[in-house]
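What follows is a set of notes on a single structure, which appears directly below.
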Amino acid sequence: MNTIKFDSSNVLENEFATKLKKRVNNYFQDNNISVKANLSMDLKIIILSAIYIIPFILILTVPMSNIVGLVLSVIMGIGVAGVGMGVMHDACHGAYSNKKWVNDLLSGSLYFLGSNVLNWKIQHNVLHHSFTNVSGLDEDINAKGPIRLSKSTPLKSYHKYQYIYAFYFMD
């Protein structure tokens, strides 16, 4: 296993992080805004869940042509991605509420998508956030087949076309 140590002696970086956190906190305080979910995030939960659930119910209950089923499947796929990236991700980071049970409940939406919250928290919060954009340690930027996500990944001739084909290979 690789051991990595971050240099905390860079005074400028520490000052930047401290000043940034202070400015962000001041923004929320000065504008009397909660750092937790607001109406926009609540609407996001409802809309993204509906984009996933409604086509799913229709596919299961309404006789339809293959093309209509295909269109509904695409819409449902967009809903799956939205719930995963827009609801579950924020909930796993504790962004919705000061109440742990609310964040846990919304994190549980991952189970409806066929995955596991504990596994995601380890992969994302520990493995990704501990080593964000560190080549070889951050699984989110490691080579994904023909996709190049880091400048430290060897450049292949076909990478110049990944803007065309990347969408089809992302998991």
Which condition breaks for HIS89 when tested against (1) within 23 Å of the chain's Cα centre (by Cα); (2) within 22 Å of HIS128 (Cα to Cα); (3) outside any helix (DSSP H, G or I)? (3)
For the range 154-171, give me each residue that is part of a loop (DSSP other than H, G, I, E, B) and at pLDDT 80 or above. PRO154, LEU155, LYS156
Within the range 54-73, how many residues are more than 31 Å from the chain's Cα centre (by Cα) and surrounded by 13 or more Cβ atoms within 10 Å (Cβ to Cβ)? 1
What tally of residues in the range 102-153 results from selecting those that are assigned to a loop (DSSP other than H, G, I, E, B) and in contact with an Asp or Glu (Cβ under 7 Å, 6 or more places away or on another chain)? 1
Yes or no: the range 114-135 includes at least one residue that is of a type outside the set (A, V, I, L, M, F, W, C), in contact (Cβ under 8 Å) with a residue 12 or more places away in the chain, exposed (fewer than 15 other Cβ atoms within 10 Å of the Cβ) and farther than 27 Å from SER49 by Cβ. yes
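Just to be sure, is ASP140 in the same structural domain as PHE56 (by TED's automatic domain parsing) and within 28 Å of ILE51 (Cβ to Cβ)? Give the steps one after another, and end with the answer.
Values: in the same structural domain as PHE56 (by TED's automatic domain parsing): no; within 28 Å of ILE51 (Cβ to Cβ): yes.
Against the criterion (in the same structural domain as PHE56 (by TED's automatic domain parsing) and within 28 Å of ILE51 (Cβ to Cβ)), ASP140 does not qualify.
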If you go through the range 24-37, how many residues are surrounded by fewer than 11 Cβ atoms within 10 Å (Cβ to Cβ) and not hydroxyl-bearing (Ser, Thr, Tyr)? 6
Go through (1) surrounded by 15 or more Cβ atoms within 10 Å (Cβ to Cβ); (2) part of a helix (DSSP H, G or I) for SER97 and report which single condition fails. (2)
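The values are calculated or read from the model by the stated rules, or taken from the named source; none is laboratory data. Since the structure is predicted, the reported quantities are computational estimates derived from the model, not experimental observations. Cβ atoms come from the backbone with ideal geometry, glycine included; neighbour counts cover every protein chain shown.
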